[in-house]
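Below is one structure, written out as structure tokens, with a few remarks after it.
The values are calculated or read from the model by the stated rules, or taken from the named source; none is laboratory data. If you're wondering where the values come from, they're calculated on a predicted model, not measured in any experiment. Note that each Cβ is placed from the backbone with ideal geometry, even for glycine, and that neighbours are counted across all protein chains shown.
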Amino acid sequence: MSMQRRDFLKLLGVSTLVGGTGGGALFNVLKPGAVEASSGAGFKSTSGKTWAMVVDTGKFTPDQYRKCIKACHREHNVPDFGNPKDEIKWIWTDDFEHSFPGAGHEFMDEELETLPFVLMCNHCEKPACVRVCPTQATFKRASDGIVVMDPHRCIGCRFCMAACPFGARSFNWRDPRKGGFPMVNGKPVIPNPEYPTRTKGVVEKCTFCPERLAVGKEPACVEATEGSGALVFGNLEDKRSEVRRILAHNYTIQRKPELGTNPRVFYVIGG
Amino acid sequence: MLDKAISGSRTYWAWLGFLSLISAAGFIAYLFQFNYGLGLTGMSRDVTWGFYIAQFTFLVGVAASAVMLVIPYYLHDYKKFGKIVILGEFLAVSAVSMCILFIFVDLGQPMRVMNVVLHPTPNSVMFWDMIVLSGYLGLNIVIGWHTLHAEKKGVAPSAWLKPLIYLSIPWAVSIHTVTAFLYAGIPGRHLWLTAIMAARFLASAFAAGPALLILLSLIVRNVSKFDPGKEPLQTLGKIVTYAMTANVFFFLLEVFTAFYSGIPSHQHSLQYLFFGLEGHNALVPWMWSAAALAIISLTLLITPGLKKNEDILGIACITVFVSTWIDKGMGLVVGGFIPNPMERVTEYTPTFPEVLITLGIWAIGFLILSVLYKVAISVREELAGN
């Protein structure tokens, strides 16, 4: 807790004197900001920035799902081997039941039940993948809380894949340059020459595009749905940010909140 | 002492040759995997650990069997184990060597394995597993070799060895506990997220390890002049009985919690393993075989007087070994991944190269075991001859 017990009691006493009732004072002390200040003690970025994403599924057009997945996978040279066994994906869609296991029921709104939800790495506040990695090849960036990968350090033990409760991680079961991209004249056509391809035997996942953030751009998937408000990216620590505004005024859920990883990707339900 | 390993009968050399052939085949298969990547195995995005990690997990258990000899012999002064303690220690050396190899072949980037040491990460259970496994390997090599050497010379082992022997007892427990923590500390894998995991690991280990030790002792008696004796094997049989009973009991506790609580996510993996899920049932025959073997083993072990017959004891040990191998290997490791965290079912079957690599590592393990046992047995035969 950022507020000392002593200060809290003092404040409570003062408010009681001023306001007359302790109950009212308690209500005042625990205004939204105060709760966050005390409960969000797990991670504090060094720069006052914690990136987060809000997914507003109702605002997606069928075309946009495809567009944002394609934009991400092209941008990051995510290979496509054309079979589920070697599959690598950074961002994908699934229905409600498989996006939020255990959260639905048999009589739920049919539209919600069949709606595709965009899924990606949750950039958790307390990521299980980071906790288990034996080499710190995957780590949480202190400056903005995103969970990134150093593919050069990864030994390919896949402990992070076992640990991630969201299936956000993929493994290079084989060399992506051999079969992961279309071939022309015996050479793979790499979609984005500006971005490295990976080697076989390492894990990869959505990174929230640090290379784009560094030059002031939004993540590739967000850019691909620009103007629609389907994907909104922003700073969770900035009260006036768009993500905070949406979270404050809509019913939003996280995936598997009961596991305590505290995902930084939020889903607007019934927007 | 090592010279004993290179002077043996024709059968000894033929056996070593046979094991070398299998390990060579495994090595060639590994070269293919090294070149192509782990895509050569049956593993996928959903089932990311398979046959290799299953063997690793099982063999960590076998490695700890030594402690079931060390505790009675050194702590309770149970002299009858004096002759076979060395067999347990050398079995541990062989089992841990296999464990390390199974981890190695499972790595996507094996050439970077030293990153675990270069970037030590205490919050990772795998980091601690590396420490406890290599420590246990070292302890058993030093203790086993030194006691045998002293025995050969007809002197008491050096005084500095005693603390190491005592240290090896909690250390054996630690390799199990830490390996169980690899699984038991992961959120969102319901089959693994259970506080009783380490206890289950210890129980199945103290069943499987001593069972293998009994079988090895029976073989040693047949192929050499060294006789481990009848009574130590009977005592080991009792240890196997208690441990296997606890193992089955612990498993039933899991079943109770999952099904009486009625929480679907806690039942899915068990349902998949024993009845199949959404039409997928690759492991069902395996799991029922494991269950049947467990029942047979307990019947043979618990029925009064039956295990006094060494043939029956041997059969009981085989059933214990195979049952725990299926249950703790494929059942526990692969079962944990099915269904996946999004509750979709992707199955796993090891491929031919994967099986070949696995057999190769088992062959290397038995090669190490044979050479070490040869040394130990030759020393014993020599002493008996004098």
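Picking from residues in the range A:114-164 that are at the interface with chain B (Cβ under 7 Å from one of its Cβ atoms) and of a type in the set (Val, Ile, Thr), the one that is nearest to A:Phe233 (Cα to Cα) is A:Val132. Within the range B:354-375, is there a residue that is crowded, with 17+ Cβ neighbours inside 10 Å, within 14 Å of another protein chain (Cβ to nearest Cβ) and of a type in the set (D, E, K, R)? So far as the range B:354-375 goes, yes, one or more of its residues are crowded, with 17+ Cβ neighbours inside 10 Å, within 14 Å of another protein chain (Cβ to nearest Cβ) and of a type in the set (D, E, K, R). Counting the residues of the range A:180-213 that are surrounded by fewer than 19 Cβ atoms within 10 Å (Cβ to Cβ), more than 14 Å from chain B (Cβ to nearest Cβ) and of a type in the set (Ser, Thr, Tyr) gives 1.
How many residues are part of a loop (DSSP other than H, G, I, E, B) and without any contact (Cβ under 8 Å) to a residue 24 or more places away in the chain when one looks only at the range A:110-136?
Residues meeting the conditions: 2.
The residues of the range A:180-214 that are within 26 Å of the chain's Cα centre (by Cα) and among the basic types (Lys, Arg), listed by number, are A:Arg198, A:Lys200, A:Lys205, A:Arg212. Residues of the range B:133-156 include at least one that is of a type in the set (Lys, Arg) and free of Cβ contacts under 8 Å to residues at least 24 places away in the same chain. Screening B:Asn115 against (1) surrounded by 19 or more Cβ atoms within 10 Å (Cβ to Cβ); (2) touching a residue at least 12 places away in the same chain (Cβ under 8 Å) leaves a single unmet condition, (2). No other residue among B:Thr303, B:Thr346 is within 14 Å of another protein chain (Cβ to nearest Cβ) and surrounded by fewer than 17 Cβ atoms within 10 Å (Cβ to Cβ) apart from B:Thr346.
A residue that is under 25 Å from B:Gly331 (Cα atoms), hydrophobic (A, V, I, L, M, F, W, C) and either touching an Asp or Glu at 6+ places or on another chain (Cβ under 8 Å) or buried (at least 17 other Cβ atoms within 10 Å of the Cβ) (or both) can be found somewhere in the range B:79-94. Screening the range A:68-89 for residues that are more than 9 Å from chain B (Cβ to nearest Cβ) and among the basic types (Lys, Arg) and picking the one that is farthest from A:Pro193 (Cα to Cα) gives A:Lys70. Out of all the residues in the range A:67-89, is one or more among the aliphatic types (A, V, I, L, M), in a strand (DSSP E or B), at pLDDT 95 or above and closer than 28 Å to A:Arg141 by Cα? Checked the range A:67-89: no residue is among the aliphatic types (A, V, I, L, M), in a strand (DSSP E or B), at pLDDT 95 or above and closer than 28 Å to A:Arg141 by Cα.
What is the residue count in the range A:165-179 for residues that are more than 22 Å from the chain's Cα centre (by Cα) and either closer than 16 Å to B:Pro339 by Cα or facing chain B (nearest Cβ under 7 Å) (or both)?
Selection size over the range A:165-179: 3.
B:Phe18: over 18 Å from the mean Cα position of the chain (by Cα), more than 14 Å from chain A (Cβ to nearest Cβ) and surrounded by 17 or more Cβ atoms within 10 Å (Cβ to Cβ), yes or no? Considered against the rule, which asks whether it is over 18 Å from the mean Cα position of the chain (by Cα), more than 14 Å from chain A (Cβ to nearest Cβ) and surrounded by 17 or more Cβ atoms within 10 Å (Cβ to Cβ), B:Phe18 comes out as no.
Scanning the range A:31-62 for residues that are among the basic types (Lys, Arg) and either in contact with a Lys or Arg (Cβ under 6 Å, 6 or more places away or on another chain) or modelled with pLDDT under 85 (or both) turns up A:Lys31, A:Lys44. For the range B:306-343, a tally of residues being over 20 Å from B:Phe206 (Cβ atoms), away from chain A (no Cβ under 14 Å) and under 18 Å from the mean Cα position of the chain (by Cα) returns 1.
To keep it simple, each residue is scored yes or no on (1) under 21 Å from A:Pro151 (Cβ atoms); (2) at pLDDT below 95; (3) away from chain A (no Cβ under 11 Å); (4) over 16 Å from the mean Cα position of the chain (by Cα).
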residue: B:Thr57; (1), (2), (3), (4): no, no, yes, no
residue: B:Ser65; (1), (2), (3), (4): no, yes, yes, no
residue: B:Ile86; (1), (2), (3), (4): no, yes, yes, yes
residue: B:Met98; (1), (2), (3), (4): no, no, yes, no
residue: B:Phe102; (1), (2), (3), (4): no, no, yes, no
residue: B:Gly108; (1), (2), (3), (4): yes, no, no, yes
residue: B:Met111; (1), (2), (3), (4): yes, no, no, yes
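Inspect the range A:91-105 for any residue being buried (at least 18 other Cβ atoms within 10 Å of the Cβ), in a loop (DSSP other than H, G, I, E, B) and touching a helix residue (DSSP H, G or I) at 6+ places or on another chain (Cβ under 9 Å) and give the result as yes or no. The answer is yes, given that some residue of the range A:91-105 is buried (at least 18 other Cβ atoms within 10 Å of the Cβ), in a loop (DSSP other than H, G, I, E, B) and touching a helix residue (DSSP H, G or I) at 6+ places or on another chain (Cβ under 9 Å).
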